[in-house]
Amino acid sequence: VQLQAFGGGLVQAGGSLRLPCVVSGGTFSRYSLGWFRQAPGTEREFVAAIKWSSAQYYADSIKGRFTISRDNAKSTVYLQMNNIIPADTAVYYCAGGPSLITSTMRSPDAYYYWGQGTKVTVSS
């Protein structure tokens, strides 16, 4: 299974960005999928996750601004980022795992597969 994230770049504070992550191999519709991010000098942190059922989970820091969604026909998971702030600057990683349980979805250790990351830089 391979994941490839796209869509990062330089964006002004208050702007929007959509990050797609294309998954190849495996049975996409059965996967739980997540987005994590890592800023320089910090640990990788949970951003959002979506189950095979499309149930969604969000970190408090981005709730109301970011939306995770999935398109099973395209084997793609998206992170729509609105009202972006400088603290959102990080490398964003998509991750996947088969049928993760709710209590583990916020932990990077629960995910089997990882994309290469896409960098988002927010200018103030």
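The values are calculated or read from the model by the stated rules, or taken from the named source; none is laboratory data. This structure is a prediction, so every number in the text was calculated from the model and none was measured. Here Cβ is always computed from backbone atoms with ideal geometry, including for glycine, and neighbour counts include all displayed protein chains. Just the protein is used for accessible areas: all its heavy atoms, side chains included, with ligands, DNA and RNA removed. Shrake-Rupley method; radii C 1.70, N 1.55, O 1.52, S 1.80 Å.
Determine which member of the set Val11, Val23, Val1 is within 18 Å of Ser123 (Cα to Cα), of a type in the set (Val, Ile, Thr) and touching a residue at least 60 places away in the same chain (Cβ under 8 Å).
On the way: Val23 fails: within 18 Å of Ser123 (Cα to Cα); Val1 fails: within 18 Å of Ser123 (Cα to Cα).
It is Val11.
Hey, can you tell me all the residues within segment 2-40 that are at positive phi and at pLDDT below 95? Step through it out loud before you land on a result.
So the first thing to find is which residues in segment 2-40 are at positive phi, and the list is 7, 9, 14, 25-26.
Scanning segment 2-40 gives Gly25, Gly26.
For segment 91-103, which positions are more than 12 Å from Leu33 (Cα to Cα) and touching a Ser or Thr at 6+ places or on another chain (Cβ under 9 Å)?
Val91, Tyr92
Could you tell me which numbered condition Met105 fails, if it satisfies all but one of (1) closer than 13 Å to Trp52 by Cα; (2) modelled with pLDDT of 95 or more?
Evaluating Met105 over (1) closer than 13 Å to Trp52 by Cα; (2) modelled with pLDDT of 95 or more leaves (2) as the failure.
Can you tell me which residues in segment 55-78 are within 20 Å of Val1 (Cα to Cα) and either part of a strand (DSSP E or B) or of a type in the set (S, T, N, Q) (or both)?
Filtering segment 55-78 for residues within 20 Å of Val1 (Cα to Cα) gives 69-78.
Residues satisfying the conditions are Ser69, Arg70, Asp71, Asn72, Ser75, Thr76, Val77, Tyr78.
Working only within segment 43-54, note down all residues that are touching a strand residue (DSSP E or B) at 6+ places or on another chain (Cβ under 9 Å), within 13 Å of Pro108 (Cβ to Cβ) and either in a loop (DSSP other than H, G, I, E, B) or of a type in the set (Asp, Glu) (or both).
Arg44, Glu45
I want to confirm something. Restricting to segment 5-56 and keeping residues that are in contact with a Cys (Cβ under 7 Å, 6 or more places away or on another chain) and under 12 Å from Gly117 (Cβ atoms), which single residue is surrounded by the fewest Cβ atoms within 10 Å (Cβ to Cβ)?
Only one residue fits best here, namely Ala5.
Across segment 68-120, what is the total count of residues that are farther than 17 Å from Val22 by Cβ and open to solvent by 50 Å² or more (accessible area, probe 1.4 Å)? Give the derivation first.
Here is the first cut: in segment 68-120, the ones farther than 17 Å from Val22 by Cβ are 81-91, 98-110, 119-120.
Imposing the further condition that a residue be open to solvent by 50 Å² or more (accessible area, probe 1.4 Å) reduces the set to 82-83, 85-87, 98-99, 101-103, 106, 109, 119.
Of the residues in segment 68-120, 13 are farther than 17 Å from Val22 by Cβ and open to solvent by 50 Å² or more (accessible area, probe 1.4 Å).
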